[in-house]
Amino acid sequence: MAEDKTNAMRILDQKGAHYAVRTYDKDVTDGASVAAILNEDPSSVFKTLVTFSEQSGDNYVFLVPVSSTLDLKKAASAVGEKSVHMIPEKRLLPLTGYVHGGCSPVGMKKFFTTVIDESAILYDFIHVSGGKKGLQLEISLAELEKAIPFTLCDIIREE
């Protein structure tokens with residue numbers, strides 16, 4: 001079964017991190033539907049968003065609940081930039097090694113500074129992409145931190 005493991009899963013395994021694999025129809029693309037199919041609170045299912053800063057040229061990764069919107073001003077402030085912008089979808093695969101809808105915060109081609117919305121601390125487990133469409137990983141923040149360093153910060157837009 002090892003050949004079915006994604007890069008994200010292999011890295012988590014190497015780091016001794018405990019997680020559960022959750023699968024769903026890969027044609028389901030919106031986060032709210034994924035949360036519903038997995039029978040999970042949409043606030044505990046996190047999408048991975050990749051941004052760039054024109055000032056520094058650096059890329060940043062932000063994880064926010066699928067039910068929320070990334071506040072770009074708060075995100076920029078969290079990483080010490082004047083502003084950040086979403087990268088164009090066509091740049092996602094070459095930059096991260098992942099496709100839109102299957103972008104995991106673990107196992108990108110290169111590590112980028114990662115910030116997770118502070119609401120994640122409300123949950124014993126959060127759900128993040130496992131590295132391909134139709135695959136989510138259920139993982140605690142402590143286990144996730146074994147694989148990637150991250151900070152927690154308020155980065156969602158108040159609706």
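Here are some notes:
- Size descriptor for segment 67-159, Kirkwood hydrodynamic radius: 14.2 Å (Cα pairs only, one decimal).
- The chain, accessible surface, carbon-and-sulfur percent (1.4 angstrom probe): 51 percent
- Residue-normalised accessible area of the chain, expressed per residue, 1.4 Å probe, Å²: 51 Å²
- Full-extension gain in nm, residue 33 to residue 15, via 0.36 nm per residue minus C-alpha separation: 3.4 nm
- The local environment of residue 35, defined by Cβ-Cβ distances under 14 Å, has a net charge of -3 under the rule Lys, Arg +1 and Asp, Glu -1.
- Note that the chain, at 10 °C in a medium of 1.306 mPa s, gets a Stokes-Einstein diffusion coefficient of 102 µm²/s from its Kirkwood radius over C-alpha pairs.
- Difference of contour (0.36 nm per residue) and Cα-Cα distance, residue 26 to residue 86: 19.3 nm
- 3J(HN,Hα) along segment 76-82: 4, 4, 4, 10, x, 10, 6 Hz, from the Karplus curve 6.51 cos²θ - 1.76 cosθ + 1.60 with θ = phi - 60°, whole Hz, x for Gly and Pro.
- Ligands, DNA and RNA aside, residue 108 has an accessible area near 30 Å² when probed at 1.4 Å.
The values are calculated or read from the model by the stated rules, or taken from the named source; none is laboratory data. Being a predicted model, the structure only gives us computed values, none of them experimental. Cβ coordinates were reconstructed from backbone atoms using ideal geometry, including for glycine residues, and neighbour counts include every protein chain displayed. Surface areas here come from the heavy atoms of the whole protein model, side chains and all, with no ligands, DNA or RNA. Shrake-Rupley method; radii C 1.70, N 1.55, O 1.52, S 1.80 Å.
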